[in-house]
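Inspection log for the structure reproduced underneath, given as structure tokens.
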Ligand code: TYM
């Protein structure tokens, strides 16, 4: 049976890109006989400095965001990474399988480490190895993510293949990335060449899941655009990154695609399209942020959900870790 795994960093500012590129897709994959495991990756978050109180809050807020968006903690396994120790334990084995050069080539490492890579944490370099462990400790077959995670998922396959080859086994599956939908790469509202990101210093560049209706409308009204009206088909969006971005967001929010949206909207000015986009964004996001706020009022309940999730997860991860250790030759309990 297929098993889906994906993760999101609890590093604050959960935004529309995370929702459309990831969380909404997670909800779509839930049920239908597929086993789904969704994870708050707190161990990944601390590869760059996180204030401890902020990390706690962001982890609970992300959990609330998952549930408010439609992840059902009964149907899916919802976990916080550090509460399932097998992730970190398998990551150590993978640190010994993966090569340093593979890690140094990762674009996310290069972006986050910046000019002074010697000063980046060792964890930041090893980040993709932990990510491979997240996925492979469940023998997950499918991983829904946004476009920016593609390189990490290729590396996950490389690590699985090298482990299987080195130890002469056919143990870890080669995972399929699932990068689908109208908004696999949501761009900044201020600059169509940069992706929407948690860490962009400009709050106007992104729509946060916790923004209120007025803020969402204002950010869309002020979003950068060009002076042309909308084209009547998606091909006309080439070389118009800002226009393409807004159309993609509209398409993803309405479970449609750019061609269908433009068949209806083609010829309209942004002064007309932007209020329509704002309306649909508020309609979809406002109930989620209201439900997040409600859930955040009871952090103990969130913690109980995560504790229960970890118990269920470990029924899967503990035997896979033990079999891995056996393959490697580690002496186990008598
Ligand atoms: P993170 O926390 O940066 O992002 C979480 C998810 O949101 C997607 N995403 C976007 N999608 C579309 N447009 C955007 N602007 C945008 N920004 C973010 C990401 O592609 C991702 O799907 N390394 C991962 C977390 C992780 C993980 C894993 C994912 C750890 N272990 C195992 C999958 C499987 C990350 O930093 O995501």
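Let's see how each residue does on (1) modelled with pLDDT of 95 or more; (2) within 20 Å of residue 255 (Cα to Cα); (3) within 16 Å of the chain's Cα centre (by Cα):
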site: 189; (1), (2), (3): yes, no, no
site: 195; (1), (2), (3): yes, no, yes
site: 200; (1), (2), (3): no, no, no
site: 207; (1), (2), (3): yes, yes, yes
site: 233; (1), (2), (3): yes, yes, no
site: 240; (1), (2), (3): yes, no, no
site: 243; (1), (2), (3): yes, yes, no
Q) Taking the stated definitions as given, is residue 21 part of a strand (DSSP E or B), buried (at least 21 other Cβ atoms within 10 Å of the Cβ), near the ligand (Cβ under 9 Å from one of its atoms) and in contact (Cβ under 8 Å) with a residue 60 or more places away in the chain? A) no
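Conditions tested, residue by residue: (1) more than 12 Å from the ligand (Cβ to nearest atom); (2) surrounded by 13 or more Cβ atoms within 10 Å (Cβ to Cβ); (3) within 20 Å of residue 149 (Cβ to Cβ); (4) not assigned by TED's automatic domain parsing to the domain that holds residue 312.
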{"site": "87", "(1), (2), (3), (4)": "no, yes, yes, no"}
{"site": "93", "(1), (2), (3), (4)": "yes, yes, no, no"}
{"site": "96", "(1), (2), (3), (4)": "yes, no, no, no"}
{"site": "103", "(1), (2), (3), (4)": "yes, yes, yes, no"}
{"site": "108", "(1), (2), (3), (4)": "no, yes, yes, no"}
{"site": "112", "(1), (2), (3), (4)": "no, yes, yes, no"}
{"site": "120", "(1), (2), (3), (4)": "yes, yes, yes, no"}
{"site": "125", "(1), (2), (3), (4)": "yes, yes, yes, no"}
{"site": "128", "(1), (2), (3), (4)": "no, yes, yes, no"}
Q. Could you list, in sequence order, the residues of the range 206-219 that are more than 9 Å from the ligand (Cβ to nearest atom) and either in a loop (DSSP other than H, G, I, E, B) or not assigned by TED's automatic domain parsing to the domain that holds residue 285 (or both)?
A. 207, 209, 210, 211, 212
Q: Kindly provide the set of residues from the range 38-55 that are in a helix (DSSP H, G or I) and either in contact (Cβ under 8 Å) with a residue 12 or more places away in the chain or within 14 Å of residue 8 (Cβ to Cβ) (or both), ordered by number.
A: 42, 43, 44, 45, 54, 55
Q: Run residue 149 past the list (1) more than 8 Å from the ligand (Cβ to nearest atom); (2) closer than 18 Å to residue 38 by Cβ and report the number of the one that doesn't hold.
A: (1)
Q | Every pair of residues 6+ apart whose Cβ atoms lie under 7 Å, when the first sits in the range 89-102 and is more than 16 Å from residue 43 (Cβ to Cβ) while the second is surrounded by fewer than 18 Cβ atoms within 10 Å (Cβ to Cβ) | A | 97/162; 97/166; 102/158
Q: Provide a single number: the residues in the range 56-88 that are out of contact with any strand residue (DSSP E or B) (no Cβ under 7 Å at 6 or more places or on another chain), over 27 Å from residue 167 (Cβ atoms) and touching a residue at least 24 places away in the same chain (Cβ under 8 Å).
A: 13
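The values are calculated or read from the model by the stated rules, or taken from the named source; none is laboratory data. Small disclaimer: the values here were computed from a predicted structure and weren't measured. No Cβ is skipped: glycine too gets one built from the backbone with ideal geometry, and neighbour counts run over all protein chains shown.
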